[in-house]
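S.K.: Before I ask anything, here is the structure I am working with.
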Amino acid sequence: MVQRTFVIIASLMVALCASAERLPQAGPRRMAYRWTSGEAARYRLTADLSGSLPIMQSVEPIDLEATLELIYKVLPRSVEPQGGATLDFRIEKAEAELAKIPLPVPFEDAQKVLNRTVVFDSTGAVKEIKAAEPLPFAVTIPGVDPQRLFTLIYPIVFPDRPIKPGDTWQYQSELLGSEGTPASFTATVLESEPVKATGSRKVAGNAEPPLRVRQEFTMAVDQRLNADKKPAADGEAVRRTRTGKITGVGVMAFSPARGKLIRGHVTIQADILERVVGEPEPDEAPEVASKVKAVVRIAPVPPPAPEQPVRRKRT
């Protein structure tokens with residue numbers, strides 16, 4: 001029960017972060033992710049989920065209010081001369097709350113689901129996902145895979161050219177989509193953000209204004225299911241249809257000088273409708289609607305402060 005509930009929350013994250021003055025607008029800038037071999041970084045992903053959906057064997061949707069917090073350690077195993085890198089994503093923390101009640105999360109299960117090794121291009125494009133242990137559960141919506149949550153840390157694939165406010169492009173992401181269920185991703189460069197008159201929001205050691213990018217994505221869901229609620233094979237009797245859409249809108253802030261994500265947030269919404277084909281059984285609902293909203297925040301975890309030497313009092 002605990003493992004399946006955690007899986008539902010994790011899956012929904014993928015099927016589903018005074019007066020003002022403006023920073024001076026930067027000219028066209030080229031954004032490329034940067035890594036140093038052996039230099040680890042940590043990122044916190046926090047998702048607040050709400051909505052209604054059938055859980056386990058429930059026929060009717062159940063109201064859901066949950067929070068999931070993950071901390072990924074990202075370790076560059078190797079960095080190519082062209083800037084690409086092989087990265088190890090390892091979960092160091094996985095905590096969940098269901099209806100404000102802490103939910104025990106088996107840490108080994110979280111590691112099996114979320115730990116991955118991935119080869120990235122410096123633009124953020126995924127070149128290869130290394131083979132990993134198969135999921136300990138079945139994901140019935142094609143294009144949704146909780147093992148791909150690592151893409152939220154490198155959420156935008158950038159063009160190999162300087163970009164400026166107003167520029168828009170489409171790109172492919174591993175967050176959603178598959179060969180038979182494509183997803184559409186669009187990025188738009190925004191103007192520099194307003195800041196408080198007392199000072200601008202700057203990354204430590206970096207005086208440049210952040211590069212802010214709006215992210216939008218959508219994926220249509222259109223499935224035919226068998227009596228076991230699994231995708232029906234060719235020629236197999238269809239018992240249910242599942243239709244709907246998964247969408248997302250967010251804003252990500254980057255440091256081009258450092259080649260890193262500074263902070264980001266994205267709101268993911270899933271609206272799915274299942275309908276019975278033919279006459280429903282006595283214990284079957286003719287149709288079940290699932291609606292889920294996940295507000296996801298992504299931010300680097302600052303390194304721990306160095307320990308201060310203990311000063312001994314003179315006697």
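S.K.: Based on what the data block shows, is Arg212 modelled with pLDDT of 90 or more, surrounded by 15 or more Cβ atoms within 10 Å (Cβ to Cβ), among the basic types (Lys, Arg) and within 25 Å of the chain's Cα centre (by Cα)?
M.R.: So Arg212 fits the description; yes.
S.K.: Of all residues in the stretch 6-55, how many are surrounded by 14 or more Cβ atoms within 10 Å (Cβ to Cβ), of a type in the set (Asp, Glu) and at pLDDT below 60?
M.R.: 0
S.K.: Related question: Of all residues in the stretch 225-254, which are surrounded by fewer than 16 Cβ atoms within 10 Å (Cβ to Cβ), under 19 Å from Asp271 (Cβ atoms) and either modelled with pLDDT under 90 or of a type in the set (Phe, Trp, Tyr) (or both)?
M.R.: Lys229
S.K.: Has the stretch 58-74 got any residue that is modelled with pLDDT under 85, touching a strand residue (DSSP E or B) at 6+ places or on another chain (Cβ under 6 Å) and surrounded by fewer than 18 Cβ atoms within 10 Å (Cβ to Cβ)?
M.R.: Among the residues of the stretch 58-74, at least one is modelled with pLDDT under 85, touching a strand residue (DSSP E or B) at 6+ places or on another chain (Cβ under 6 Å) and surrounded by fewer than 18 Cβ atoms within 10 Å (Cβ to Cβ), which makes the answer yes.
S.K.: Now for a separate question. Condition first: more than 19 Å from Lys230 (Cα to Cα), in contact with an Asp or Glu (Cβ under 9 Å, 6 or more places away or on another chain) and crowded, with 16+ Cβ neighbours inside 10 Å. Can you find one or more residues in the stretch 262-282 that meet it?
M.R.: No, every residue in the stretch 262-282 fails to be more than 19 Å from Lys230 (Cα to Cα), in contact with an Asp or Glu (Cβ under 9 Å, 6 or more places away or on another chain) and crowded, with 16+ Cβ neighbours inside 10 Å.
S.K.: Assuming Ala257 fulfils every condition listed in (1) surrounded by fewer than 18 Cβ atoms within 10 Å (Cβ to Cβ); (2) at pLDDT 90 or above; (3) over 30 Å from Pro28 (Cβ atoms); (4) of a type in the set (A, V, I, L, M, F, W, C) apart from one, which condition is it?
M.R.: Result: Ala257 fails condition (3) only.
The values are calculated or read from the model by the stated rules, or taken from the named source; none is laboratory data. Given the structure is predicted, the values throughout are model-derived calculations rather than measurements. So basically every Cβ, Gly included, is an ideal-geometry build from the backbone, and we count neighbours across all protein chains shown.
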